[in-house]
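Worksheet for the structure shown next.
The values are calculated or read from the model by the stated rules, or taken from the named source; none is laboratory data. Remember, it's a predicted structure, so these values are computed and weren't measured experimentally. Here the Cβ positions follow ideal geometry from the backbone for every residue, glycine too, while neighbour counts run over all protein chains shown. Calculation scope for accessible area: heavy atoms of the full protein, side chains included, ligands and nucleic acids excluded. Shrake-Rupley method; radii C 1.70, N 1.55, O 1.52, S 1.80 Å.
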Amino acid sequence: RRSGQYTMNHDHSKKTPDGASFDRSGSQDSLDELSMDDYWKELENIHATRGNNHEERVALVVKEPDEGELEEEWLKEAGLSNLFGESSGDSLESVVFLSTLTRTQKAAVEKRVETVTQTMRKKNKQHQIPDVRDIFRLQNDSKGKVCDESESSTVRTAENKNEAQDETKGPKFSLGKDEQKSSLEDMPFSDTDINLEIPFAEQAANLKESSVGKMCKGGGGDTLLPNFRLPKDKTGTTKIGDLAPQDMKKVYSLALIELTALYDILGTEFKQQKAVKIKTKDSGLFGVPLSVLLEQDQKKVPGTKIPLIFQKLIAQIEETTLETEGLLRIPGVATRVKSLCQELEAKFYDGTFNWENVKQHDAASLLKLFIRELPQPLLTVEYLKAFQDVQNLPTKKQQLQALNLLVLLLPEANRDTLKVLLEFLQRVIDHRDKNKMTLKNVAMVMAPNLFTFHGLGSKTIEQSEFVMAAGTANVMRFMIQYQKLLWTIPKFIVNQVRKQNTESQKKEKKDKAMKKLLKKMAYDREKHEKQEKTPND
């Protein structure tokens, strides 16, 4: 019966090309109710492919954190765990790090430190159950504090910013209010220019209080996507991969703090999910963690950064031609996909698998199956919800800025694999005249594969599922359309990393000089003592 359902889908899709579902895509690359058909059909195909295996799967438990736990975890992720608890102290590294933060970034850190400190105080008072009113009073107080601070001043000029940063030392945060004001109109940037020099949260704070601040909601996908671009920069742009691993660690911390600061300013909650570890396969192709796959692949092809099976499936699809009508939308035959999957597991690595048996639609189905079967989503358990929630931000520019920071937060293996996937999807779209797969159609078909994750699979109410469907398809569209922008490290973050490195080097030089001086003093003292002893002997 299942293959009957597939044939039905095949017939249906063959009839459609001349019909409305494709014609409408020519007018504007927008999302409308009709275009949602592709999304629901894809979801149907996914459920059909899963069949009975679905029940056997181990659901990935997402732990509901205790009060203060989330903030504590956040500070650890941001590399600031020494601001609380037993290890708290003025670690010089943290002092340097904090001295480079912007006003809104400091407010975000301060808010979390305050919550953790309050929670610890409560825990240390034995047997005292926290009063719920106190908890909410605390949250409201800290929310108010951040908003008041952020609304009291606007974006600074670069020089001013550096002066302000130099004055800030140590974990005591002073959030300056008398910075020089520069209105949004003074910035030499157009609406479609993405300003990477001024921190995103600072831009949002400025926009909020300027007259332009009456922002139109950009959440919907009913208009053509803006032609966002990066203005020419004489010093060039920094791409992910240009920086050394130790600098990327600093980029991660700063991106996390900046994203949180942006969400704070916009009044949106930023929550990292936490997955409880589950037992996963330690070999094979489908349903294997990315890190394990890469480890076994690097034994075959040293230095490979993308799973070999993933690369091969994309190559297989492209080998035929990307002009095939309904590519990625029309599913392969379920029974054949299942047997190919088993055959690949057995023969892929020893090179005896016969790729000539793989039809193009089967290869596309296997590629999507690979993404869905990952034990943890490609966008990670931690940030999957954050990627979904991007659609709730007020303007399209802010949605893009948040996506840029989220891409920086992904582990390297996930980020590299996502990049290869998005580049491939763009190549499919480039042939839209022939394959009838526009940006909108591809986003519709791929969103359920990236965003509906089996391990988090509680059945959701249909209405909220519909809202989520349209939203995730929009986020998918953004990721494909603006992928070049998303893999750029914002200049303000690069400058902060550079400043940290300079400050650390200065500190190291001082430490070396001090050690040298102490050594010399010890040597002189010893020499002096010897000279005094000699006459007495």
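Quick notes on this structure:
- Projected onto its three principal axes, the C-alpha set of the stretch 288-350 covers 37, 25, 20 Å, listed from the longest axis down.
- The mean accessible area for residues of the stretch 276-489, using a 1.4 Å probe and ignoring ligands and nucleic acids, is 38 Å² per residue.
- Multiplying the residue separation of V420 and A244 by 0.36 nm and subtracting their alpha-carbon distance yields 61.3 nm.
- Surface share of carbon and sulfur [accessible, 1.4 angstrom probe, percent] for the stretch 276-489: 52
- The amide H of I489, built 1.01 Å from its N in the peptide plane, has T238, K239, I240 as neighbours under 5 Å, considering only residues 5 or more places off or on other chains.
- Placed amide H near L374: partners under 5 Å, 5+ positions off or other chain: G287
- Taken along the Cα-to-beta-carbon direction at a fixed 7 Å, the label points for D511 and D350 span 5.4 nm.
- Net charge over other residues, Cβ less than 15 angstrom from the Cβ of D297 (K, R count +1; D, E count -1): -1
- Largest first, the extents of the alpha carbon coordinates of the stretch 276-489 on the three principal axes equal 53, 43, 37 Å.
- Peptides ranked, highest mean first, by Cβ atoms within 10 Å: ranges 445-451, 501-507: 445-451, 501-507
- Inter-label distance, nm, simple model (7 Å from Cα along the C-beta direction), E343/V292: 2.5
- Of the peptides 517-530, 292-305, the ranking by mean beta-carbon count within 10 Å, highest at the top, reads 292-305, 517-530.
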